[in-house]
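Below: one structure, written as structure tokens.
Laboratory data are not the source of any read-out in this text; all were calculated from the coordinates shown. Note that the coordinates shown come from a computational prediction; the quantities given were computed from them, not determined experimentally. Don't worry about glycine lacking a Cβ; one is built from the backbone with ideal geometry, like all the others, and counts go over all protein chains shown.
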């Protein structure tokens, strides 16, 4: 495997983790990590929370210090992009003119925010939040005196931005086209509770309302948002969080199979067996969902990276990790274990008013997932049960005094085996600081 | 600054110097110590930075709060009385010499 070269396109969480997982498995070939965000791989979750609020610094967001890449012999090319891909010759051509040969190519191209398809969407002050540059821009705009912020889209990003901005004292309105928030991701029980929290904190949440146009002042700065029915809202700043589109252009141009994402098999191989895809851009067969899905989460990026690295190293396994997600809004810690949809039965445990509850979702009497608000033990145990395939019936959950913590612990077999580290010596390292 | 020792399940150890205001989790990440995942980045959400503090430890570690206690119910490997989330262990001079054992698996 000495001459083996792996080129990873995209230096987000998925691409970064792939490079790390390859080295952890003992892969000794060449690893090149190409990213179009200049500072290098960074951790995205704080961008809508602590980083935006100014409580988390830029240095804390870097996934690793620059020395890491040298130490691990990972060639990081930040600020470059792949211009084209030649599958016959197994090379990629970068925009900088560099041509790189590969034995395996990994597409970790991620996704980009959908834009708002209305007139005025390109006015100054209409932003979306994806990378560090977007977050920096928004952070600066929110660091001054109170402003009128309108968030379009009550998804995770939109609601986290709304919560953070409200916490900074801004006047916040959220406009969502669906009749409820987080409609695709959450049960009505949980989404209603989250909306109630936003309203209690003084955020105006408008559900089932469409944005029809944005109007600006003489300098082209956004000033007014118009909704269906003609209502107008004053806005100094608009954040659009209406979902993302997978970056599939490179795969499409290379004639790989694509749908809503780059289509991969259970081992995350694309229709070209030398090319893998993972993370936000990949559409993979989910045995849990019984269909192909695309999952946008840190967990998915991280666990899929291990799976790709294993396949590259000749030890492939099928990707079956239990998905999990989290969000933090005000003091609400929301955690989701499993793919809850579709489900045909739910049982809620805990205290809704108190903001400490879990919604257990079942399909055909089998547990599909659990949404927890400020019940982290439920979340962790649910993940373990789902991983082990342990049966838990709605009847059991309904029993008075039911508490997951009291269930006997079932041994779990990790679905994504990690290679044992091949360290044989004591290593002393220089001190580092974040 | 503190010297932190991470002992892997196969018996090998990695010793690193970590500066405040990092955590035991971040000390591992910054030094590429395998065996700590920390998928949530250190916000006590995921339990994938689980460690066992050495049984003989006498260094002053902060008390476990209810969130950490709850998250530890979900660890991939068995929880024991020595279990902690390494993201909840801040690094300072007072824990210089800490030894933690890494579990067989984190997720």
Listed residues A:100, A:339, A:385, most fluctuating in chain A (Gaussian network, C-alpha, under 10 Å): A:100
Arrange the following residues from fewest to most other Cβ atoms within 10 Å of their Cβ: A:233, A:336. A:233, A:336
Region A:93-244 - Rg (one decimal) and Dmax (whole number), Cα, Å: 17.7, 57
Label-point separation, residue B:13 to residue B:94 (7 Å along Cα→Cβ), nm: 2.4 nm
Can you tell me which of A:320, A:55, A:348 moves the most in a GNM of chain A? Springs connect C-alpha atoms under 10 Å apart. A:55
Rounded, prolate or oblate for region A:244-342? Axes are the square roots of the Cα gyration tensor eigenvalues, ordered a ≥ b ≥ c, and the cut-off for rounded is a/c under 1.5. prolate
Sticking with the crude label model, points 7 Å out along Cα→Cβ, report the distance from residue B:1 to residue A:217 in nm, one decimal please. 5.2 nm
Among bridges DSSP assigns within region A:235-317, what percent are antiparallel (round to 5)? 75 percent
Report for the protein assembly as shown the percent antiparallel among DSSP-assigned beta bridges with both residues inside it, nearest 5. 60 percent
Nearest-0.05 FRET efficiency for residue A:266 and residue A:224 at R0 = 51 Å, using Cβ-Cβ distance, is 0.55
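What is the calculated FRET efficiency for residue B:20 to residue B:82, with r their C-beta to C-beta distance and R₀ = 35 Å, to the nearest 0.05? Present the calculation step by step, with values, prior to reporting the outcome.
Details: r = 23 Å, r/R0 = 0.67.
It comes to 0.90.
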How much mean residue ellipticity at 222 nm does chain A get from its helices, if each DSSP H run of length 4 or more adds -39500 (n - 2.57) and you divide by all residues, to the nearest 500 deg cm²/dmol? -6500 deg cm²/dmol
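Can you show me the helix-derived [θ] at 222 nm for chain B, built from DSSP H runs with n ≥ 4 at -39,500 (n - 2.57) apiece and divided by the number of residues, rounded to the nearest 500.
On the way: 2 runs with 13 residues, N = 107.
Computed mean residue ellipticity for chain B: -3000 deg cm²/dmol.
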Mark the label point 7 Å from the Cα of residue A:249 along Cα→Cβ and return the residues of region A:82-119 whose backbone N is within less than 17 Å of it. A:82-86, A:93-97, A:107-116
Antiparallel DSSP beta bridges within region A:1-160, as percent of all bridges there, nearest 5: 35 percent
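How fast does chain A diffuse by Stokes-Einstein, in µm²/s, taking the Kirkwood radius from C-alpha pairs at 37 °C and 0.692 mPa s? Present the calculation step by step, with values, prior to reporting the outcome.
Details: Rh = 23.2 Å.
Answer, rounded: 141 µm²/s.
With r defined as the distance between the Cβ atoms of residue A:199 and residue A:405 and R0 fixed at 30 Å, what FRET efficiency is calculated, to the nearest 0.05? Walk me through the numbers on the way to the answer.
Values: r = 32 Å, r/R0 = 1.06.
Efficiency at R0 = 30 Å is approximately 0.40.
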Running a GNM on chain A with Cα contacts under 10 Å, which residue among A:187, A:70, A:390 ends up with the highest mean-square fluctuation? A:70
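Partner chain Cβ atoms within 10 Å, averaged over the residues of A:59-68 - can you pull that number for me?
Details: counts 0, 5, 1, 1, 2, 4, 4, 0, 3, 4.
Mean inter-chain Cβ contacts per residue within 10 Å come to 2.
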Say each of residue A:4 and residue A:184 gets a label point 7 Å from the Cα, pointing the same way as Cα to Cβ; how far apart are those two points in nm? 3.5 nm
Enumerate the residues in region B:26-69 having an amide nitrogen under 15 Å from the point lying 7 Å beyond the Cα of residue A:356 toward its Cβ. B:65-69
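Is the shape of region B:1-103 best called rounded, prolate or oblate, per the rule: a/c under 1.5 gives rounded, else a/b larger than b/c gives prolate, else oblate, with a ≥ b ≥ c the square roots of the Cα gyration tensor eigenvalues?
rounded
Going by how many other beta carbons lie within 10 Å of each one, how would you line up A:124, B:58, fewest first? Intermediate values should be presented prior to the final figure.
Numbers: A:124 12, B:58 7.
Placing the least packed residue first, the sequence is B:58, A:124.
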